[in-house]
Amino acid sequence: MAFGKISLKGRALRYLSGREHSRAELRRKLASFEEEPGQLDAVLDELAEKDFLSDARYVDSVLNRRAGRMGGARIRQELQQRGVAAEAVSEAVARLQSTEFERAREVWRRKFGQPPADAAERGRQGRFLMARGFSGDVVRRVLGSAAQDGGGDEAG
């Protein structure tokens with residue numbers, strides 16, 4: 001049965017070579033290939049021991065890929081869906097708090113660039129930012145600051 005373990009490990013390494021995965025996500029993808037009970041856990045333990053599999057690195061990867069376009073709520077949701085431990089999710093979202101307004105403002109600027117002309121447009125812009133996981137307070141601040149200073153880049 002060593003061939004099955006190598007095959008399972010090979011599949012895991014193939015997934016990990018494409019991008020970082022959380023342990024739970026990798027477990028879900030590989031569960032159907034497990035030939036003996038406990039085999040998958042042994043492979044995942046070995047990969048984690050050799051630092052091929054790291055939830056901390058996965059969290060950093062998600063933050064690097066998503067933080068420029070998504071708010072803390074969306075990132076929290078993604079990490080939770082991928083089975084990352086609650087403590088690691090909380091720490092990751094806390095790291096994003098200090099830049100939430102700036103990130104939301106940049107997302108708004110790239111999409112709209114001009115303050116809303118009326119209430120309907122304000123609602124549309126707000127819903128766009130909320131759907132990306134930015135909090136209501138941050139959305140109000142972004143739209144309020146846009147109205148005050150006339151929008152985003154004039155050169156864009």
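Things worth noting here:
- Cα gyration tensor shape for the chain, rounded if a/c is under 1.5, else prolate or oblate: prolate
- Of all the options Leu129, Leu79, Leu40, the one that moves most in a Gaussian network model of the chain with Cα springs shorter than 10 angstrom is Leu40.
- With respect to the chain, whose longest principal axis is taken over its alpha-carbon atoms, helix 2-18 is tilted by about 20°.
- Value of relative contact order over the chain, rounded to a whole percent, pairs C-alpha under 8 Å and six or more apart: 21
- Förster-model FRET efficiency, 25 Å R0, Glu36 and Ala85, C-beta, rounded to 0.05: 0.40
- Cα centroid of the range 103-131 to Cα centroid of the range 74-90, whole Å: 26
Only the coordinates and a few stated rules stand behind these numbers; no lab work does. Keep in mind it's a predicted model, so treat the numbers as computed, not measured. Quick reminder, even Gly has a Cβ in these numbers, built from the backbone with ideal geometry, and neighbours come from all protein chains shown.
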